[in-house]
Each structure stands twice: as C-alpha cells, then as structure tokens.
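The values are calculated or read from the model by the stated rules, or taken from the named source; none is laboratory data. Note that the structure is predicted; figures quoted are calculated from it, not measured. Quick reminder, even Gly has a Cβ in these numbers, built from the backbone with ideal geometry, and neighbours come from all protein chains shown. Note: accessible area is taken over every heavy atom of the protein model, side chains too, but ligands, DNA and RNA are not part of it. Shrake-Rupley method; radii C 1.70, N 1.55, O 1.52, S 1.80 Å.
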Amino acid sequence: MDRKTLETCLNYAPVVYFDRKEPFAIRRIGCTLFEKSGYSPSFPGSPEHRRLIMPGLKQAAFAIEYAYYFDYDIQHLYELEHVWVYVDHSGSVCGCEGSFHGKYLNEMIPLFSILDAGSTHVRLYSQPGKHAFLPAIELFRLYPDPDACCMEDAGKDGLSLPEMFSGRVPDTESVQTAVRTFIKKQYAFKPSWRFVPVIPDSGLYISWDELAHEIPQRIAAELSRIGAI
C-alpha cells in the first residue's frame, strides 16, 4: 500500500471498543480504497451475491474497506470482520457500515452517536469473542445467547475456512478436532460486558492483497503451533 493511501486509511480508521476480557487481538487490517463503485475483494459471498461498494449512493467521494483479521473467533480458527467508512467531498465521514455474522449493517443511525463533532474516527463496539460490529453495546443482546457462544459453545466450529482460501491449508477431521479442543480449553471465557477502546498500531494496516497472501501462512503457522498438523 502506497504512503498516501495508508495515510488516508489511518485518518479515517475506526476506533473499536472490545470487551475487557476479549482474548483475541487484531492481527492485521487489510484496506481497500474505493473512489468509484466496485466489488469488495474480501467480503464473503457467491458471485451473484458479492458485496458492491457504491460511494455515490451516500454522496461520498470515496469509501474505505477495513478488513479486520483475527487468528480466532471464540468458536473457530480464522476470523475476518469488516467496517466500511464513507467520506464526502469535504472530507467528513458521511456513512459507516459494519459486518455482522456474514451480513452487513448500517452503523450510522440517529438513535446512536458513533462520531464526535469534527472527528474522522467512528466508534464501534465489537461483540465479545465474535467480533461483529454494532454502534451500541445494548444491541448485542439481540444476538441469542451472547455469553454461551464464549463459554459452552467455544470452539464448536473448528477451522472455518472461506472458499477463497480453500485447499491452501490442511482441513481434515483430525485438524478440526484439534482446533475445537484447543479453543475450548485455552480461550473459553465469560464476557465482562465492560468495553475499552483499542487503537491498532499503524503497522497493522496493509493492503488487502498483502493480507490475502498472508492469511493462509498465518493459519498454517497457527495449526502447527497448536499441534493440529
């Protein structure tokens, strides 16, 4: 990613609040700048259901896709969540969307304030263990059993590999069993529902192409570290 694009991405980078007991850190943030309509290179979906980013619909000069990579979700190995920030011709944030369990939601609604006057950094909350984004803590209670997924259901999905990385890392039943067991034993936790802001180091921001190249290597290294391969 060139310096100018990096500076733009940093200037509009969201401030994400995590549960105090959140066990997983952001490992990388893959960025894509849209100055015109285009398809997301990283958000999942079949060809006919690809995520189309259209800055013009929000009267935006451009949009930035932030793809947050974690080694783990509390229920599986491999985790990628997204925030889209839209910026108008005056340089102000005019829209924001966030991923939520395979879908995406509007984060800028009148009921909740996610942006201070004059700021270019939206505030969002990350679901404990699961990392889906919402504009207010109370909204996570809409998700069934938000504590159970971090406790008794921890690790249940094993290695969750999206199609774009299929075949590039081992995915056998023995791998799945090892991952399920490891997550349950090492990371199961009860959320505190008390949140603190996390400001990622600027070195975590890279282009999506760089992150896409790195992800299979990170997964393989993690599988080796936990003895799954």
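Within the range 6-24, the set of residues being in contact with a strand residue (DSSP E or B) (Cβ under 7 Å, 6 or more places away or on another chain) and either of a type in the set (F, W, Y) or without any contact (Cβ under 8 Å) to a residue 60 or more places away in the chain (or both) comprises T8, Y12, Y17, F18, F24. Each residue in the range 1-26 was checked for being surrounded by fewer than 14 Cβ atoms within 10 Å (Cβ to Cβ) and under 24 Å from I74 (Cα atoms), and 2 of them qualify. Restricting attention to the range 193-220, the residues that are open to solvent by 40 Å² or more (accessible area, probe 1.4 Å), under 26 Å from A148 (Cα atoms) and either part of a helix (DSSP H, G or I) or in contact with a Lys or Arg (Cβ under 8 Å, 6 or more places away or on another chain) (or both) add up to 3.
From the list D116, D147, which one is without any contact (Cβ under 8 Å) to a residue 24 or more places away in the chain and either in contact with a strand residue (DSSP E or B) (Cβ under 6 Å, 6 or more places away or on another chain) or open to solvent by 20 Å² or more (accessible area, probe 1.4 Å) (or both)? Steps first, answer last, please.
Numbers: D147 fails: without any contact (Cβ under 8 Å) to a residue 24 or more places away in the chain.
Just one listed residue meets the conditions, D116.
Whenever a residue of the range 49-62 is more than 18 Å from Y12 (Cα to Cα), its partners that are of a type in the set (A, V, I, L, M, F, W, C), lying with C-beta atoms within less than 7 angstrom and at least six residues away or across chains, give the pairs R51/F43. Among the numbered conditions (1) outside any loop (DSSP other than H, G, I, E, B); (2) under 21 Å from V198 (Cα atoms), the only one that A117 does not meet is (1).
Among residues that are closer than 22 Å to L211 by Cβ, within 15 Å of the chain's Cα centre (by Cα) and either open to solvent by 40 Å² or more (accessible area, probe 1.4 Å) or among the polar types (S, T, N, Q) (or both), H101 is included.
The C-beta contact set for the range 159-185 (first residue farther than 27 Å from W208 by Cα and among the hydroxyl-bearing types (S, T, Y), second residue open to solvent by less than 80 Å² (accessible area, probe 1.4 Å) and not in a helix (DSSP H, G or I), distance under 8 angstrom, 6+ apart or interchain) comprises S174/A228; T177/G158; T181/G155. Inclusion of I29 among residues that are over 30 Å from S192 (Cα atoms), of a type in the set (A, V, I, L, M) and crowded, with 18+ Cβ neighbours inside 10 Å is not warranted.
Just one of the numbered conditions (1) in a helix (DSSP H, G or I); (2) more than 26 Å from L115 (Cα to Cα); (3) among the hydrophobic types (A, V, I, L, M, F, W, C) is not true of A154: (1). Among the residues here, S42 qualifies as in contact with a helix residue (DSSP H, G or I) (Cβ under 8 Å, 6 or more places away or on another chain), within 18 Å of A13 (Cα to Cα) and at pLDDT below 95. A count restricted to the range 33-71 and to residues that are over 15 Å from P162 (Cβ atoms), among the aromatic types (F, W, Y) and open to solvent by less than 20 Å² (accessible area, probe 1.4 Å) stands at 2.
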